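> To start, I am sharing the structure in question, which I have written as structure tokens.
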Amino acid sequence: MKTALITGSTGALAQAIVARLQQTGTFNVVATSRSADALQLDVRDGERLEALLQKTRPDLIFHLAATFSGEYDEAYAVNVDATRRLLELVERAHAGTRVLLVGSAAEYGAVGVEENPIREDHALRPQSVYGLTKSWQTQLAGFYALRGVQVVVARLFNLQAPGLSNRLFVGRVQTQIEEVRKGARSAFEFGPLGATRDYVDADEAARQMLAVAIDGEPGHVYHVGSGMPVTMRSLLERLLASEDMSAIPVHESPALTNRAGYDVPAIYADMTKTLQLMGEGKP
């Protein structure tokens, strides 16, 4: 049986990937995280990471460990330097291991409405520390692929799943829904809801990522998304309707946004490359 190692395994996406791997019946899954809910691993700990790779000798690595922090030093340490160390260790001692890095649509940054749907070769102009460090992670993938490492990038758009961070829109909606249930608030409050995004549920994202991890060409980037544009307002309406909370007032104001600086008005994925990889697109 093959071994799949997952870093950052406690999130909704990781749990969906674990379920997909287990369904194949061909992978022994080693799930790691900084928390006590899994085998403990802080990816910034190079010695611990090296020892784990030597012990498990994985055939496949899903590198999901990341931080959304807007603090540069932390974001660089987790999203960039730990990834460099991982790829260096794979190059040095685990040549047969395939590595999937999880990218982000935040790498694209400043995108014009007319440029959609975005292809994988679109220019990267990140507008956040998270997007910047993820774009450097993508550059590392290309660099190490040229050195023979079997590394691919699955560039995730927006995830729709339970238990997401409050730094993400869906996570904030979920938190406020719970507050309404508990009587802690009587209205929903969000920043501007006119932006258009691309949302994919965790199970479909995991399905796409597994295909990219196994069959993607080293050094290449593949989108993970739906390819379907949706406004934040429409998504919110759908989420509230599913919880029978459509009658609760929604207050929308620029003062309520958690985004600093430029906010992309519209961004959604061209899914052609990923669907062709999965045998579901036009040749």
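The values are calculated or read from the model by the stated rules, or taken from the named source; none is laboratory data. Everything numeric here is computed off the predicted structure, so don't read it as measured data. Note that we place each Cβ from the backbone using ideal geometry, even for glycine, and neighbour counts take in every protein chain shown.
> Select from the stretch 251-283 the residues that are modelled with pLDDT of 95 or more and among the charged types (D, E, K, R) and write down the one among them that is nearest to Gly70 (Cα to Cα).
Here the answer is Asp270.
> Here's a follow-up. Quick check on the stretch 42-52. Is at least one of its residues among the hydrophobic types (A, V, I, L, M, F, W, C), at pLDDT 95 or above, part of a helix (DSSP H, G or I) and surrounded by fewer than 20 Cβ atoms within 10 Å (Cβ to Cβ)? Don't jump to the end; show me each part of the working.
Going through the stretch 42-52, the residues among the hydrophobic types (A, V, I, L, M, F, W, C) turn out to be 43, 49, 51-52.
Cutting the leftovers down to at pLDDT 95 or above gives us none.
Among the residues of the stretch 42-52, not one is among the hydrophobic types (A, V, I, L, M, F, W, C), at pLDDT 95 or above, part of a helix (DSSP H, G or I) and surrounded by fewer than 20 Cβ atoms within 10 Å (Cβ to Cβ), which makes the answer no.
> Turning to a different aspect of this structure: Mind checking which pairs have a first residue in the stretch 220-237 that is in a strand (DSSP E or B) and modelled with pLDDT of 95 or more and a second that is surrounded by 16 or more Cβ atoms within 10 Å (Cβ to Cβ) and among the basic types (Lys, Arg), Cβ under 6 Å, 6 or more apart or different chains?
Taking only residues 6 or more apart or on different chains, the pairs are Val221/Arg155; Tyr222/Lys273; His223/Arg155.
> Looking at the stretch 113-122, can you tell me whether even one residue there is in contact with a strand residue (DSSP E or B) (Cβ under 9 Å, 6 or more places away or on another chain), buried (at least 20 other Cβ atoms within 10 Å of the Cβ), touching a residue at least 12 places away in the same chain (Cβ under 8 Å) and within 30 Å of Pro58 (Cβ to Cβ)?
No, there is no match, as no residue in the stretch 113-122 is in contact with a strand residue (DSSP E or B) (Cβ under 9 Å, 6 or more places away or on another chain), buried (at least 20 other Cβ atoms within 10 Å of the Cβ), touching a residue at least 12 places away in the same chain (Cβ under 8 Å) and within 30 Å of Pro58 (Cβ to Cβ).
> State whether the residues of the stretch 241-259 include one that is surrounded by 12 or more Cβ atoms within 10 Å (Cβ to Cβ), of a type outside the set (S, T, N, Q), under 19 Å from the mean Cα position of the chain (by Cα) and assigned to a loop (DSSP other than H, G, I, E, B).
Yes, because at least one residue in the stretch 241-259 is surrounded by 12 or more Cβ atoms within 10 Å (Cβ to Cβ), of a type outside the set (S, T, N, Q), under 19 Å from the mean Cα position of the chain (by Cα) and assigned to a loop (DSSP other than H, G, I, E, B).
> Just name the residue that is surrounded by the fewest Cβ atoms within 10 Å (Cβ to Cβ) out of those in the stretch 3-34 that are in a loop (DSSP other than H, G, I, E, B) and more than 19 Å from the chain's Cα centre (by Cα). Quick ask: steps written out before the conclusion?
Just the residues of the stretch 3-34 that are in a loop (DSSP other than H, G, I, E, B), to begin with: 8-11, 25-26, 34.
Of the ones still in play, those that are also more than 19 Å from the chain's Cα centre (by Cα) are 25-26.
Working: Gly25: 7, Thr26: 11.
Residue satisfying both the conditions and the ranking: Gly25.
> Among the residues of the stretch 156-170, what is the count of those that are assigned to a strand (DSSP E or B) and not aliphatic (A, V, I, L, M)? Full working, then the answer.
So in the stretch 156-170, the residues assigned to a strand (DSSP E or B) come out as 156, 158-160.
Cutting the leftovers down to not aliphatic (A, V, I, L, M) gives us 158, 160.
Total satisfying the criteria: 2.
> Right, here's the next one. Out of Val170, Val180, Val224, which single residue is among the β-branched types (Val, Ile, Thr) and more than 18 Å from the chain's Cα centre (by Cα)? Before the answer, list the steps.
Values: Val170 fails: more than 18 Å from the chain's Cα centre (by Cα); Val224 fails: more than 18 Å from the chain's Cα centre (by Cα).
Being among the β-branched types (Val, Ile, Thr) and more than 18 Å from the chain's Cα centre (by Cα) holds for just one of Val170, Val180, Val224, which is Val180.
> Filter the stretch 111-150 for residues that are part of a helix (DSSP H, G or I) and of a type in the set (D, E, K, R); which is farthest from His94 (Cα to Cα)? Step through it out loud before you land on a result.
Kept after step one, since they are part of a helix (DSSP H, G or I), are these residues of the stretch 111-150: 113-115, 129-146.
Filter once more, so that each one left must be of a type in the set (D, E, K, R): 114-115, 134.
Numbers: Glu114: 43, Glu115: 40, Lys134: 24 Å.
So the residue we want is Glu114.
> Given the options Thr138, Thr133, name the one that is crowded, with 18+ Cβ neighbours inside 10 Å, polar (S, T, N, Q) and either out of contact with any Asp or Glu (no Cβ under 9 Å at 6 or more places or on another chain) or farther than 19 Å from Val212 by Cβ (or both).
On the way: Thr138 fails: either out of contact with any Asp or Glu (no Cβ under 9 Å at 6 or more places or on another chain) or farther than 19 Å from Val212 by Cβ (or both).
Going through Thr138, Thr133 in turn, the sole match is Thr133.
> As an exercise: evaluate Ser165 against (1) surrounded by 18 or more Cβ atoms within 10 Å (Cβ to Cβ); (2) modelled with pLDDT under 95; (3) not aliphatic (A, V, I, L, M) and give the number of the one condition it does not meet.
All conditions are met except number (1).
> Can you list residue pairs whose Cβ atoms sit under 8 Å apart, with the first residue in the stretch 195-217 being under 19 Å from Leu21 (Cα atoms) and touching a residue at least 60 places away in the same chain (Cβ under 8 Å) and the second being part of a helix (DSSP H, G or I) and basic (Lys, Arg)? Count only pairs 6 or more apart in sequence or on different chains.
Filtered contacts from the stretch 195-217: Asp203/Arg20; Ala206/Arg20; Arg207/Arg20; Leu210/Arg20.
> Within the bounds of the stretch 172-181, is there any residue that is touching a Leu at 6+ places or on another chain (Cβ under 9 Å), among the hydrophobic types (A, V, I, L, M, F, W, C) and within 23 Å of Ile118 (Cβ to Cβ)?
No, the stretch 172-181 contains no residue that is touching a Leu at 6+ places or on another chain (Cβ under 9 Å), among the hydrophobic types (A, V, I, L, M, F, W, C) and within 23 Å of Ile118 (Cβ to Cβ).
> Only one residue in Val153, Val180, Val173 is in contact (Cβ under 8 Å) with a residue 40 or more places away in the chain, in a helix (DSSP H, G or I), at negative phi and surrounded by 18 or more Cβ atoms within 10 Å (Cβ to Cβ), so which one is that?
Details: Val153 fails: in a helix (DSSP H, G or I); Val180 fails: surrounded by 18 or more Cβ atoms within 10 Å (Cβ to Cβ).
Result: Val173 is the single residue among Val153, Val180, Val173 that is in contact (Cβ under 8 Å) with a residue 40 or more places away in the chain, in a helix (DSSP H, G or I), at negative phi and surrounded by 18 or more Cβ atoms within 10 Å (Cβ to Cβ).
> Could you grab me the full set of residues in the stretch 90-119 that are within 23 Å of Ala14 (Cβ to Cβ) and either among the polar types (S, T, N, Q) or within 19 Å of the chain's Cα centre (by Cα) (or both)?
Residues satisfying the conditions are Thr97, Arg98, Val99, Leu100, Leu101, Val102, Gly103, Ser104, Ala105, Ala106, Glu107.
> I would also like to ask the following. Can you name the residue in the stretch 95-110 that is in a loop (DSSP other than H, G, I, E, B) and either surrounded by fewer than 20 Cβ atoms within 10 Å (Cβ to Cβ) or polar (S, T, N, Q) (or both) and, of all such residues, is modelled with the highest pLDDT? Please lay out each step first, then the result.
Initially, the stretch 95-110 is screened for residues in a loop (DSSP other than H, G, I, E, B), giving 95-97, 108, 110.
Imposing the further condition that a residue be either surrounded by fewer than 20 Cβ atoms within 10 Å (Cβ to Cβ) or polar (S, T, N, Q) (or both) reduces the set to 95-97, 110.
On the way: Ala95: 84, Gly96: 90, Thr97: 96, Ala110: 90.
That would be Thr97.
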